[in-house]
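Below you'll find the structure, written out as structure tokens, and then a few comments.
The values are calculated or read from the model by the stated rules, or taken from the named source; none is laboratory data. Remember, predicted model here, so these are calculated numbers, not experimental data. Here the Cβ is made from the backbone with ideal geometry for all residues, glycine too, and neighbour counts use every protein chain on show. Surface accessibility is based on the protein's heavy atoms, side chains included, excluding ligands, DNA and RNA. Shrake-Rupley method; radii C 1.70, N 1.55, O 1.52, S 1.80 Å.
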Amino acid sequence: MVYVTRRLVQSALILLGVSFITFVLLFVLPADPVRQIAGRAATAATVENIRAQLGLDQPFLIQYGRYLLGLIQGDLGRSYLQKTEVAELIGSRLPATLLLMAAGIVAELILGLTMGIAAALYRGRALDQALMMTSFVTVSAPQFVVSLLLLYVFAVQLGWFPIGGYGTFAHLVLPAVTLGILGSGWYARMMRSSMIEVLRADYIRTARAKGLTRARVVLRHALPNAILPVIAMIGIDIGVFMGGIVVVESVFGWPGIGQLAWQAIQRVDIPIIMGVTLVSALAIVLGNLLADLIAPLIDPRIKLK
Amino acid sequence: MAEPSALRRLMARKMAVFGMVVIALVVVASALAPWIAPYAPEEQLFDGLTLEGAPLPPGGAFVMGTDLLGRDLFTRLLYGAQTSLIIGVLANGIALLIGTLVGIVAGFYRGWLGGLLMRFTDLMMAFPALLLAICLSAIFRPSLWIVALVIALVNWVQTARVIYTETTSLATRDFIAAERTLGAGNARILFRHILPHLVPTIIVWGTLGISTTVLLEATLSFLGVGVQPPTPSWGNIIFENQTYFQAAPWLVFIPGAAIIALALAFNLVGDALRDVLDPTQRGRD
């Protein structure tokens, strides 16, 4: 319990740090958001007026202090250009992103675990080598290339899936597979070594000696033990996914927070950039926390410290 | 360290050799680009487009076809290799330097500065790296050097963590304590005993890091916030031509394949180096 509390406090401090650094970066940036809002034709007086209205004429620490005060109350500020609450904007986009990430994790596990299990069972043979090479390719392929390739083959040429957009299951498949492919290589390798280790264990030999078939031993005895430590890593993935969604969502026109962030960056809509960065950081911190808390539940030899 | 045998063990790995061959090819091709390239990289060729103004597919006078502006894709690819390699080596070099410094200071000298550095590293781990990089380069209207710097600022974190862990475990080993009782100072211990032991780790992470860097540069350039046209980069070739990719897929997939090949090559070599240089990995599959 002490451990959990300490980790929670630590996570909160990390988020505070992330908010501070992002704020500093956006404060010193050469692009002036007020100019963007006011438009080119605005007079100097109008520009100064808007600046004062947004509180952007205040010194840095006061601006940051105000932001933090709002943050504590769950207020992420208002978008400069869309005139909407950032919390509301992110809230309306978040379900799409969460759906995509969940589907991405499923795709990643299906691809990665299958590859890893097959490689472990055929260890040292041609299939194993081909799969391990594939795992290297998947982690070396940038997501925009993968997404364009999938789009070209499965949407343009074969016409199985729509070219982009949101709404049905068919829309979800290609972006989810794109997200899943990157991580599948890591899972394939982790799964392979976990499986090989388990297959060497004494209780597997015992099970075989009892006369159980190889298939039964693999499915009932080896697999559950090998798979757990690998699945426990899912939390750590969230960080990787958070990076990927900006690219994947913009290629597939998926209306999530990645697309929101990308549009905001292009228009220097600082409150949105701040908001999405914080939400992403929160997801990453929670993911790591989850991974750390789950590990000892699965393997009691790992102690919390 | 047994250098020659490490090299021999590296050469015994087919995948590592394949990686090294790819890297060598890209290095040679980019170095010789001005002599190999059939055209100038920014030259819009008169016969580079069809009469309707569409780009030409691979074959004929243009080995890899032409792009939307009628420029030779093969030529742009060769010059793009320069961009990838310059950024790969430069950005990763800076990241490696920062990471190693932070890791050593935090792991060896500890104290308040070390603590502060590691807390900062933890904090950077929670940053969505790609988002940060996109933000920074979108803000700064990047040149080649800014892109390299942005990537370095995002990518040093992993190295710092690994070097920190290595250094802390080294610093508590008996031979360091023995050295201290013999009266060795911090500097001597650091340069004679700690640094040499960190070299394999630095080599491994330096190689793997180039792969990450190449991918990040390509992604930033694809989004239009990386290396700016007309300077060719494999990422911005795709960025410039993606609107037309259904009709002219070669403009996306040839540079795409180049990016994957180069990143893959550094990953394969880095992974093999880890097995070869790290004694604890020896004998494992």
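Given the condition among the hydroxyl-bearing types (Ser, Thr, Tyr), open to solvent by less than 40 Å² (accessible area, probe 1.4 Å) and over 22 Å from residue B:132 (Cα atoms), answer yes or no: does some residue in the range A:181-190 qualify? Yes, that holds for at least one residue. Set side by side, the residues B:253, B:239 differ, and just one is open to solvent by 20 Å² or more (accessible area, probe 1.4 Å), in a helix (DSSP H, G or I) and at the interface with another protein chain (Cβ under 8 Å from one of its Cβ atoms), which is B:253. Cβ-Cβ distances below 6 Å connect the following pairs, each with a first residue in the range A:145-156 that is at the interface with chain B (Cβ under 10 Å from one of its Cβ atoms), a second residue that is open to solvent by 10 Å² or more (accessible area, probe 1.4 Å), and a separation of six or more residues or different chains: A:146/A:181; A:152/B:249; A:155/A:161; A:155/A:163; A:156/B:246. The residues of the range B:210-224 that are open to solvent by 10 Å² or more (accessible area, probe 1.4 Å) and either touching a residue at least 24 places away in the same chain (Cβ under 8 Å) or farther than 17 Å from residue A:145 by Cβ (or both), listed by number, are B:210, B:212, B:215, B:216, B:219, B:223.
Across the range B:173-220, the qualifying residues are those that are over 30 Å from residue B:145 (Cα atoms) and of a type in the set (D, E, K, R), and the one among them that is nearest to the other protein chains (Cβ to nearest Cβ) is B:173. The criterion of at least 3 residues that are over 25 Å from residue B:204 (Cβ atoms), within 14 Å of chain A (Cβ to nearest Cβ) and more than 20 Å from the chain's Cα centre (by Cα) is met by the following helices (runs of 4 or more DSSP H) wholly inside the range B:72-172: B:111-125, B:129-140. When you look at residue A:97, is it more than 11 Å from chain B (Cβ to nearest Cβ) and buried (at least 22 other Cβ atoms within 10 Å of the Cβ), yes or no? Considered against the rule, which asks whether it is more than 11 Å from chain B (Cβ to nearest Cβ) and buried (at least 22 other Cβ atoms within 10 Å of the Cβ), residue A:97 comes out as yes. Considering only residues of the range A:71-93 that are farther than 15 Å from residue A:269 by Cα and crowded, with 16+ Cβ neighbours inside 10 Å, which is modelled with the lowest pLDDT? Here the answer is A:71. Scanning the range B:256-282 for residues that are more than 16 Å from residue B:205 (Cα to Cα) and not in a helix (DSSP H, G or I) gives a single hit, B:282. Put simply, of B:46, B:62 the only residue that is more than 30 Å from residue A:136 (Cβ to Cβ) and surrounded by fewer than 18 Cβ atoms within 10 Å (Cβ to Cβ) is B:46. Filtered by the rule that a residue be open to solvent by 60 Å² or more (accessible area, probe 1.4 Å) and under 30 Å from residue A:282 (Cα atoms), the range A:203-228 gives a lone residue, A:228. Quick one: is residue A:297 within 11 Å of chain B (Cβ to nearest Cβ) and over 24 Å from residue A:161 (Cβ atoms)? Against the criterion (within 11 Å of chain B (Cβ to nearest Cβ) and over 24 Å from residue A:161 (Cβ atoms)), residue A:297 does not qualify.
When B:54, B:16 are screened for being buried (at least 18 other Cβ atoms within 10 Å of the Cβ) and touching a residue at least 24 places away in the same chain (Cβ under 8 Å), only B:16 passes.
Is there a residue being within 30 Å of residue A:226 (Cβ to Cβ), modelled with pLDDT of 80 or more, open to solvent by less than 10 Å² (accessible area, probe 1.4 Å) and small (Gly, Ala, Ser) anywhere in the range A:281-288? Checking the range A:281-288: at least one residue is within 30 Å of residue A:226 (Cβ to Cβ), modelled with pLDDT of 80 or more, open to solvent by less than 10 Å² (accessible area, probe 1.4 Å) and small (Gly, Ala, Ser).
Here residue A:163 clears all of (1) assigned to a loop (DSSP other than H, G, I, E, B); (2) crowded, with 19+ Cβ neighbours inside 10 Å; (3) β-branched (Val, Ile, Thr) except the condition numbered (2). Note on the range A:227-269: residues that are in contact (Cβ under 8 Å) with a residue 60 or more places away in the chain and part of a helix (DSSP H, G or I) amount to 21. Within the range A:258-268, being more than 10 Å from chain B (Cβ to nearest Cβ) and crowded, with 24+ Cβ neighbours inside 10 Å holds for one residue alone: A:260. Taking every residue in the range A:102-127 that is of a type in the set (D, E, K, R) and pairing it with any residue that is not in a helix (DSSP H, G or I), at least 6 positions away or on another chain, the pairs with Cβ-Cβ distances below 8 Å are A:123/B:285. Checking B:46, B:18 one by one, the residue that is hydrophobic (A, V, I, L, M, F, W, C) and assigned to a loop (DSSP other than H, G, I, E, B) is B:46 and no other. Of A:168, A:138, A:178, all but one fail to be more than 27 Å from residue B:259 (Cα to Cα) and of a type in the set (Val, Ile, Thr); the exception is A:168. Out of (1) open to solvent by 40 Å² or more (accessible area, probe 1.4 Å); (2) assigned to a helix (DSSP H, G or I); (3) in contact (Cβ under 8 Å) with a residue 40 or more places away in the chain, the odd one out for residue B:34 is which? Status for residue B:34: all satisfied but (3).
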